[in-house]
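As C-alpha cells, the structure follows; a few thoughts come after it.
Taken together, the values in this text are just the output of simple stated rules run on the coordinates, not laboratory data. Being a predicted model, the structure only gives us computed values, none of them experimental. Ideal geometry is used to build each Cβ from the backbone, glycine not excepted, and the neighbour counts take in all protein chains shown.
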Amino acid sequence: MTPKERMKAAMNLEEVDKTPLMCQMSIGHMLMQLKISPVEFWFDPIIFAEGLIELRNIYDFDGILISLYGHNPDWRNTVKKIYITEEAEIVEWKNGDKTFCLFNDLPYYQFAAQRIEVDYTKLTSVDLPVELNYIPVSQNLPFYINRDYKFDVINYIVKKVGSNYSIHGEITSPFDYLLDYIGLDNAMIALIDNPETCLMIISHFTTLIKQLALEMCGTGIDAIKISSPFAGSGFISPEDYKTFVLPFEKEIAQAVRSKNIHIYTHTCGAINDRLELMFEAGISGIECLDPPPLGNVELEDAVGRIGNKGFIKGNIDSVNLLLNSTEEEIVDDIKRRIKIGRTKRGFILSTACSIAPSVIRERIQLLRKIIDRPE
C-alpha cells in the first residue's frame with residue numbers, strides 16, 4: 001500500500017498492510033526541527049508548504065496536516081520592519097500591529113490599538129462577520145485568511161505530494177469562534193447567563209465554517225480535521241456539549257461527508273465521558289484521546305467502546321513519554337498501543353496531541369522503526 005492508500009483504508013475502517021502513522025506537530029517543534037526563520041515559516045506560503053513536506057520526509061509520516069492557509073504571498077510589502085531578539089523575530093506591520101514570532105513556540109499578536117470588547121448582551125446577527133477571514137489559532141492569535149489566496153498552500157501540497165500521501169485540511173469548531181469573538185471569560189459567563197445569544201453566535205459561525213469546509217473539499221484533500229480543543233470535560237459538561245458543540249459540528253460534518261471527504265474531531269484533554277457522544281456528530285473519527293495524566297482516556301477502553309463507529313488517531317503521550325521517558329520505555333509503550341489499536345480496524349498511530357516542541361527528532365523517528373519492525 002502507498003501511504004495515501006493506507007490512510008484511506010484506515011479511515012474507511014478497512015484492512016491495512018501496517019499501522020498508519022501521522023502525527024500533528026506543534027509550531028515550536030516544527031521550527032526547532034527546520035531551523036528556519038519563524039517569521040518566514042508563519043507568513044510565507046511556499047516556505048510554510050515546503051516546511052510541512054520536509055517534516056513529513058524527516059518522520060516518514062503517511063500524511064500531512066495543513067492547519068494554516070490563506071497566506072498572503074505579498075505579505076512582505078505590508079511589513080514596516082523586522083527585528084530579532086534572543087527569543088523571537090518581531091514583525092512590525094505598517095498598520096502598527098506587531099507579531100512576536102518565537103523560535104520555539106506559537107507567535108503572539110499585539111494590536112496597535114486596544115481591541116474593543118464585544119458587548120455580547122447587545123449582539124444581534126447583523127453585528128456578526130459576513131465572511132470568515134481568520135483562523136483563531138489561540139487566544140489573541142488570529143491567522144488572517146486572504147480571500148484571493150485562500151487555498152494556495154493546500155493546492156500546492158496536494159499537487160506536489162498528494163498522489164502519494166494523505167493530505168488533511170483543518171477548520172475550527174464554531175464553539176471556538178464564540179470563545180474568540182466575545183472573549184474566553186465573557187463566554188464562560190455567557191454560556192450560563194445568555195445561552196440564546198451564544199447559540200445565535202455559534203449558529204452564525206457554523207454557516208461560515210461549513211461554507212469554508214465545503215470549498216476546501218474541492219482542493220483534493222483526503223480529510224478535514226475539526227479543531228475543537230475547548231470541548232473537553234475540563235471546560236464544559238456533557239450536557240453543555242450536547243447544546244453548544246454537538247449540533248453545530250454535526251451540521252458541518254454532514255456537509256463534508258456528503259462530499260465523500262472524511263472529517264474527524266480533535267479535542268484535547270479529558271473526553272472519556274463523551275467518547276460515544278462525539279460520534280453522534282457523524283464524524284469519521286476522533287483524534288487525541290489523551291491518556292492519563294494529560295487526559296483520562298485509556299486506549300483499550302476506547303477501542304472497545306468506539307468499535308466500528310469510526311477511526312481512532314492517537315494516543316501517545318508526547319510529554320510524559322516522548323519527552324521524559326527512556327528509549328526502552330518508549331518502545332514498549334508504542335508496541336503496546338499498536339497491539340491494542342490493531343484489535344479494531346481504523347487505528348492510526350499518532351501522538352495524542354501535538355508533538356511537544358522539545359521532543360528530539362530521533363524519538364519521533366522511532367515510531368516508524370517500530371511500525372516497520374514490530375518484533
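Around the Cα centre of the stretch 13-172, unit charges on the Cβ atoms of Lys, Arg, Asp and Glu (plus for the first two, minus for the last two) sum to a dipole of about 440 debye. Around the amide H of PHE347, modelled in the peptide plane, lie the amide H atoms of ILE312, all under 5 Å away and 5 or more residues distant in sequence or on another chain. Label separation (ASN324 vs ASN260): 4.7 nm, computed from points 7 Å beyond Cα along the C-beta direction.
Between THR121 and LEU277, the FRET efficiency estimated from the beta carbon spacing at R0 = 25 angstrom works out to 0.25. 3J(HN,Hα) couplings calculated from phi for the stretch 53-59 with the Karplus curve 6.51 cos²θ - 1.76 cosθ + 1.60 (θ = phi - 60°) are, in sequence order, 5, 4, 5, 4, 5, 4, 9 Hz; Gly and Pro show x.
In the chain, a dipole from Cβ-located charges (positive for Lys and Arg, negative for Asp and Glu) runs towards its positive end, and of ILE53, THR326, ILE135 it is ILE53 whose Cα lies farthest in that direction. Residue pairs exceeding 18 angstrom between C-alpha atoms, taken from LYS4/LYS160; LYS35/LYS150; LYS335/LYS369: LYS35/LYS150.
For the stretch 279-375, the dipole from Cβ point charges (+1 on Lys and Arg, -1 on Asp and Glu) about the Cα centre works out to 460 debye, to the nearest 20. Each part reduced to its alpha carbon centroid, the stretch 147-222 and the stretch 30-68 end up 21 Å apart. Taking every alpha-carbon pair under 8 Å whose residues sit at least 6 apart, the chain reaches a relative contact order of 20 percent. For the stretch 1-151, the relative contact order comes to 21 percent (Cα pairs under 8 Å, sequence separation of at least 6). Distance from the alpha carbon centroid of the stretch 286-301 to that of the stretch 226-242 works out to 15 angstrom. Summing Cβ point charges (Lys, Arg +1; Asp, Glu -1) relative to the Cα centre of the chain gives a dipole of roughly 1080 debye.
Counting 0.36 nm for each residue step from LYS250 to LYS18 and taking away their Cα separation leaves a gain of 80.4 nm. Legend: calculated FRET efficiency, ARG147 to THR207, from the Cβ-Cβ distance at R0 = 22 Å, rounded to 0.05, equals 0.85. Amide H to amide H distances under 5 Å link GLY183 with no residue, where only residues 5 or more positions off or on other chains count and H is placed in the peptide plane. Across the stretch 22-37, computed HN-Hα scalar couplings (Karplus, 6.51 cos²θ - 1.76 cosθ + 1.60, θ = phi - 60°) run 7, 10, 8, 10, 5, 4, x, 5, 4, 5, 5, 7, 7, 6, 10, 4 Hz from first to last residue, x flagging Gly and Pro. When the chain is described by a simple charge dipole with +1 on each Lys and Arg Cβ and -1 on each Asp and Glu Cβ, the residue from TYR181, TYR156, VAL359 located farthest towards its positive end is TYR156.
For the stretch 205-214, putting each phi into the Karplus relation 6.51 cos²θ - 1.76 cosθ + 1.60 with θ = phi - 60° gives couplings of 5, 4, 4, 5, 5, 4, 4, 4, 4, 5 Hz, in residue order, rounded to whole numbers and with x for Gly and Pro. Amide H contacts under 5 Å for ILE355: GLN24, MET25, SER26, restricted to partners 5 or more places along the chain or on a different chain, H placed in the peptide plane at 1.01 Å from N.
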